[in-house]
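> The structure is given below, and queries will be raised subsequently.
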Amino acid sequence: AYLGLGGDGAIHPEAVDPNLAGVAVAVVGEDADRATWNAMRAAFEKSVDETVRGRILYGLAVAKNPELSAAARELSLDPALRDNEVTSPLSAQWSRPETRDVAWAWLKEHLDAVLARLPRHHGGSGLVASSVRSQCDDARAQEAEALFAPRVDHIDGGPRALSLAVEDVRLCAARKKAHEASARAFFK
């Protein structure tokens, strides 16, 4: 009802409690079929409201269907996205274990194109931080350094963002190594 998928295609903010609207859109997006995903995308493109666009973009990005999940990653290169929205589909996928690895692989292939969409002063350091921090092993920390090191000097705050993000990944990997066995034993 919020998305207007059953009728006029217009956003109906009164249909869902504002505190639950994001969750409702995400639930629809997770289980969307192609027709629903396309209708959500059309609603996204028609909307000028930043909050509504953010909710719908997140809903598009969390689709469980691998084909739709891939289409969501491609949105990062779509001119329909505003500068501040470019990294949103990827960030959503990095936050989910089911899509984290494939989103990371996609970024490695498309990094220069994504960075080209971001203004130097806006978003590049956030892209570095969110993509790297979603990882939790030393191999990924090394991979992130190799991927971003040649590029961060051209991003405002990039070197510091990379350094802090890699440190976070290494700390996460150390915590995992120190506590994984006991946590598994406890929850067994």
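The values are calculated or read from the model by the stated rules, or taken from the named source; none is laboratory data. These figures come from a predicted structure and were not determined experimentally. With ligands, DNA and RNA removed, areas are computed over all heavy atoms of the protein, side chains included. Shrake-Rupley method; radii C 1.70, N 1.55, O 1.52, S 1.80 Å.
> Once every Cα of the stretch 59-99 carries one equal point scatterer and solvent is ignored, give the base-10 log of I(q)/I(0) from the Debye formula at q = 0.15, 0.25, 0.26 Å⁻¹, two decimals.
For the stretch 59-99 at q = 0.15, 0.25, 0.26 Å⁻¹, log10 I(q)/I(0) is -0.29, -0.77, -0.83.
> With axes computed from alpha carbons, what is the tilt in degrees of helix 138-148 against the longest principal axis of the chain, rounded to the nearest 10 within 0 to 90?
70
> Another question, if that's okay. Calculate, for the chain, the solvent-accessible area per residue in square angstrom, rolling a 1.4 angstrom probe over the heavy atoms of the protein chains. Working shown, then result.
Numbers: 9960 Å² over 188 residues.
Value returned for the chain: 53 Å² of accessible area per residue.
> Carbon and sulfur atoms: what percent of the 1.4 Å accessible area of the chain do they account for?
Details: 5420 of 9960 Å².
That share works out to 54 percent.
> Can I ask one more? Give me the orientation-averaged projected area of the Cα convex hull of the chain, in nm², one decimal.
Numbers: hull surface 48.7 nm².
So the Cα hull casts an average projection of 12.2 nm².
> What value, in deg cm²/dmol to 500, does the helix sum -39500 (n - 2.57) over DSSP H runs of n ≥ 4 give at 222 nm once divided by the residues of the chain? Before the final figure, lay out each step's value.
Numbers: 9 runs with 120 residues, N = 188.
Rounded to the nearest 500, it is -20500 deg cm²/dmol.
> Dimensions of the stretch 87-188 along principal axes (Cα, Å, largest first)?
Here the Cα extents, ordered largest to smallest, are 48, 24, 19 Å.
> Same structure, new question: Using Cα-Cα distances under 8 Å and only pairs 6 or more residues apart, what relative contact order does the chain have, in percent? Don't skip to the answer; put the middle values down first.
Numbers: 223 pairs, mean separation 25.1, N = 188.
RCO, the chain: 13 percent.
> Continuing with this model, one more query. Report, in cubic angstrom per residue, the convex hull volume of the C-alpha atoms of the stretch 30-86.
Details: hull volume 3.7 nm³, N = 57.
Hull volume over Cα atoms, normalised by residue count, gives 66 Å³.
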